[in-house]
Amino acid sequence: MTGPAPLPTRKAEAFRYADIGALAKLWPLPEPESVVVPAGGSFSRAIVPDAGGVTRLALSIGKGAKAAVHVLNCNGDYGRVELDVTLHESADFTLGGAQLGAGTQTLEIVSTVSHVEPGATSRQTVRSVLAGRATGTCLGRVAVARGADGTDAAQSVRALLLDPAATANARPELEIFADDVKCAHGCAVGELDAQGLFYLQSRGLPLPDARRLMLAAFIAEAFAGAGDGERLERLARERLEALL
Amino acid sequence: MTMLQIDNLQAEVAGKPILKGLSLTVNAGEIHAIMGPNGAGKSTLGYTLGGRPGYAVTGGSVTFDGRDLLALAPHERAAAGLFLGFQYPVEIPGVSGAQFLREAANAQRKARGEEPLSGGAFLKLAREQAALLRMDMDMLKRPVNVGFSGGEKKRAEMVQMGILDPKFAVLDETDSGLDIDALRIVGEGINAIMRRPGKAVLLITHYQRLLDYVRPDFVHVLAGGRIVRTGGPELALQLEEQGYEAAA
Ligand SMILES: Nc1ncnc2c1ncn2[C@@H]1O[C@H](COP(=O)(O)OP(=O)(O)O)[C@@H](O)[C@H]1O
Ligand SMILES: [Mg+2]
């Protein structure tokens, strides 16, 4: 019998940027919710933790099945969403995540996407907007197992910092043991485009409105194609108001 | 009536002086063309009038419609009636042109104490202005300038101008990137929107061809950060023949 796992330290890759103090109060974490999507089936889930905390979801996506998870991570002082996804043959997975942080919030999306059989596709898009002294982290691990040939895995992680003390961490990680694999990933941390802001202002929009328009468009990239994308975008816009 | 009075304006960008004592007076009802070599400071003049961050005024004054223009934030300048047609219109991914223009128009109206435009009234206005510039309404609904050709961007600028209906427009090389037909459409659009009593235009251009459509009352040569010569429409022709150096 082994006891509960010890509280991780920041030496553990998946907890490198975590708020260990906040985590200690939640430790030990409950087991992840486990969902098996049967062959040919489909699944979608919107995760909007209303008080932060740790949300854990393990997904096994069967042959030819599709799953989409959308995350709006913006509440609580510590909000962590862990996804552990396994794709079987020709399965399809979409993650669209947005993180909106202010004050001293620490927000994290930590995903492990394992392609264990051939021909599966995964698309992960995470957009973070961070104000104040907030920290937003996106750790995305993509593992392509031996034999999972023809895998197509894409990851796009971008963050905008609104204040000098805000922090974004983005670490995509790739492990490929198969052939004919397409893995595209990009990550970028920046600020709102100053030229775009001036352009909008020059047409009569006050600066906060110009920023709100551009940030809403940025966040919306995470929710494109989501079943309840409109609701998520509305919730995100409400949170944006508080950030600006 | 004086609409814009620029007096000994000095401005620098990234610590480098660009405008070095520029003076210019534009009265309501007038169209002024500004020509001049690349790097003379023409765009800098436009951005400085628009209040672009990074364009620091180090001396002089600008009075617009009796107000101190330089004391206003960029959006307040727009609400006061200033429009800047960009030499390089900016692409803004994900932001619908129609949505942003309606918000911008209503922000201006609010600042002036006017009632907002309803969705229907805005669409009608947008349709009229797009038709004037022969632009498809669908383009206006797309993300601002994203994927537009150079000419489409310039046309879209003029549609924006038509919708926002400014008193005073600074049009920075609006003619560059336009083919012959588009040039005529844009020229006629500028006349339809701006050649009205109580309005005025500052037209920055390198070419006489736009001035064939939009006849200027005055032509100025801007070189080395100041106006070095002023004349009538014939000056533009002379510049085209002889170049800036001979004319200045
Ligand atoms: N953002 C900038 N940073 C540094 N120098 C600039 C910047 N913008 C313009 N300049 C300089 O200012 C001068 C005038 O530029 P500009 O106003 O664009 O000229 P024009 O429009 O007449 O061609 C040029 O020497 C240019 O290099
Ligand atoms: Mg220029």
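The values are calculated or read from the model by the stated rules, or taken from the named source; none is laboratory data. Please read all numbers here as calculations on a predicted model, not as lab measurements. Cβ atoms come from the backbone with ideal geometry, glycine included; neighbour counts cover every protein chain shown. Calculation scope for accessible area: heavy atoms of the full protein, side chains included, ligands and nucleic acids excluded. Shrake-Rupley method; radii C 1.70, N 1.55, O 1.52, S 1.80 Å.
Measuring only protein heavy atoms, the 1.4 Å probe finds A:His185 accessible over about 90 Å². Over the protein assembly as shown, the hull volume per residue, using the convex hull of the C-alpha atoms, is 180 Å³. Sorted into 10 angstrom bins from 0, the C-alpha pair distances of the stretch B:128-224 split as 15, 51, 28, 5, 0 percent. The alpha carbon centroids of the stretch B:142-176 and the stretch A:140-190 are separated by 38 Å. Taking 0.36 nm per residue of sequence separation and removing the Cα-Cα distance, the A:Asp149/A:Arg16 pair yields an extension gain of 44.8 nm. Working note: Cα gyration tensor of the stretch A:76-218, eigenvalues times five, square-rooted, sorted largest first, giving semi-axes of 34, 17, 11 Å. Listed by chain and number, the aspartates and glutamates whose alpha-carbon sits under 15 Å from that of A:Lys182, ignoring those within fewer than 8 places in the same chain, are A:Asp92, A:Glu117, A:Asp149, A:Asp152, A:Glu173. Among beta bridges identified by DSSP and lying wholly in chain B, the antiparallel ones come to about 60 percent.
Mean partner shielding of peptide A:205-216, defined as the number of other chain Cβ atoms within 10 Å of each residue Cβ, is 5.
Among B:Ser118, B:Ala169, B:Met158, which residue has its Cα furthest toward the positive end of the charge dipole of the stretch B:2-247, with +1 on Lys/Arg Cβ and -1 on Asp/Glu Cβ? Among B:Ser118, B:Ala169, B:Met158, the one farthest towards the positive end of the dipole of the stretch B:2-247 is B:Ser118.
Here B:Val57 sits with roughly 60 square angstrom of accessible surface, probe radius 1.4 Å. Per residue of peptide B:102-109, the mean number of Cβ atoms on other chains within 10 Å of the residue Cβ is 4.
Cross-link candidates for B:Lys42: which lysines have Cα within less than 28 Å, leaving aside residues fewer than 8 places away along the same chain? Result set, ordered by chain and number: B:Lys16, B:Lys20, B:Lys153, B:Lys154, B:Lys167, B:Lys199.
When only C-alpha pairs under 8 Å and at least 6 residues apart count, what is the relative contact order of chain B, in percent? Normalised by residue count, the contact order of chain B is 27 percent. Near A:Lys63, the amide H atoms lying under 5 Å from its own belong to A:Ala39, A:Gly40, A:Glu89; only residues 5 or more places off or on other chains count, and H is placed 1.01 Å from N. Accessible area ranking (1.4 Å probe, heavy atoms, ligands and nucleic acids excluded), largest first, for B:Tyr213, B:Tyr88: B:Tyr88, B:Tyr213.
With semi-axes defined as the square roots of five times the eigenvalues of the C-alpha gyration tensor, the equivalent ellipsoid of the stretch B:1-78 measures 19, 16, 11 Å, largest first. Other residues lying with their Cβ under 10 Å from the Cβ of A:Val142 contribute a combined charge of -1, Lys and Arg counting +1, Asp and Glu -1.
Spacing of the modelled spin labels on A:Ala242 and A:Thr9, each 7 Å from Cα toward Cβ, amounts to 3.4 nm.
What is the local net charge at A:Ser156, summed over the other residues whose Cβ is closer than 9 Å to its Cβ (Lys, Arg +1; Asp, Glu -1)?
Values: positive: A:Arg123, A:Arg127, A:Arg158; negative: A:Glu221.
Within the 9 Å Cβ shell, the charges total +2.
Order A:Val37, A:Val189, most accessible first, counting only protein heavy atoms with a 1.4 angstrom probe. If you can, show how the numbers build up before the last one.
Numbers: A:Val37 5, A:Val189 80 Å².
Descending accessible area places them as A:Val189, A:Val37.
Against the main long axis of the alpha-carbon atoms of chain B, helix B:119-132 sits at an angle near 50°.
Within the same chain, aspartates and glutamates fewer than 8 places from A:Lys11 are excluded, and of the rest, those with a Cα less than 15 Å from its Cα are A:Asp19. The modelled label-to-label distance between B:Asp7 and B:Arg112, using points 7 Å beyond Cα along the C-beta direction, is 2.7 nm.
Only DSSP H runs of four or more residues enter the estimate; each adds -39500 (n - 2.57), and after division by the residues of the protein assembly as shown the mean residue ellipticity at 222 nm equals -9000 deg cm²/dmol. In this Cβ point-charge picture (+1 for Lys and Arg, -1 for Asp and Glu), the protein assembly as shown has a dipole of about 800 debye about its Cα centre. The Cα center of the stretch A:68-108 and the Cα center of the stretch B:68-126 differ in position by 36 Å. Residues of the stretch B:30-66 that bury at least 50 Å² of accessible area when the other protein chains are present, relative to the chain alone (probe 1.4 Å, heavy atoms, ligands and nucleic acids excluded): B:Arg52.
Which three semi-axes in whole Å describe the equivalent ellipsoid of the stretch B:2-247, each the square root of 5 times a Cα gyration tensor eigenvalue, listed largest first?
On the way: eigenvalues 157, 92, 55 Å².
Result for the stretch B:2-247: semi-axes of 28, 21, 17 Å.
Considering only DSSP beta bridges where both residues belong to the protein assembly as shown, give the percentage that are antiparallel (nearest 5). Of those bridges, close to 20 percent are antiparallel.
Principal axis extents of the Cα atoms in chain A, from largest to smallest and rounded to whole angstrom, are 57, 40, 28. Each part gets one Cα centre, and for the stretch B:220-240 versus the stretch B:182-209 those centres are 18 Å apart.
In this Cβ point-charge picture (+1 for Lys and Arg, -1 for Asp and Glu), the stretch B:135-248 has a dipole of about 460 debye about its Cα centre.
Please work out the FRET efficiency for the pair A:Ala188 and B:Glu234, using the Cβ-Cβ distance as r and a Förster radius of 56 Å; give the result to the nearest 0.05. It would help to have the intermediate numbers written out before the result.
Values: r = 53 Å, r/R0 = 0.94.
After rounding to 0.05, the efficiency reads 0.60.
Taking Cα atoms only, the orientation of helix A:207-223 departs from the longest principal axis of chain A by about 10 degrees. Placing unit charges on the Cβ atoms of the charged side chains and taking the dipole of the protein assembly as shown about its Cα centre, the candidate lying farthest along the positive direction among A:Phe15, A:Leu197, B:Gly198 is B:Gly198. Using R0 = 60 Å, the C-beta based FRET efficiency linking B:Ala131 and B:Ser23 works out to 0.95.
Of the listed residues A:Asp152, A:Asp77, A:Asp50, the order by accessible area with a 1.4 Å probe, largest first, is A:Asp50, A:Asp77, A:Asp152.
Near B:Glu173: Cβ cut-off under 9 Å, other residues only, Lys/Arg at +1 and Asp/Glu at -1. The net charge is 0.
Rounded to the nearest 10 square angstrom, B:Ile227 shows an accessible area of 30 square angstrom against a 1.4 Å probe.
Can you give the average number of partner chain beta-carbon atoms within 10 Å of each beta-carbon in peptide B:82-95, as a whole number?
Working: counts 2, 3, 4, 1, 4, 0, 2, 1, 9, 4, 10, 7, 10, 10.
Across B:82-95, the average partner-chain Cβ count within 10 Å equals 5.
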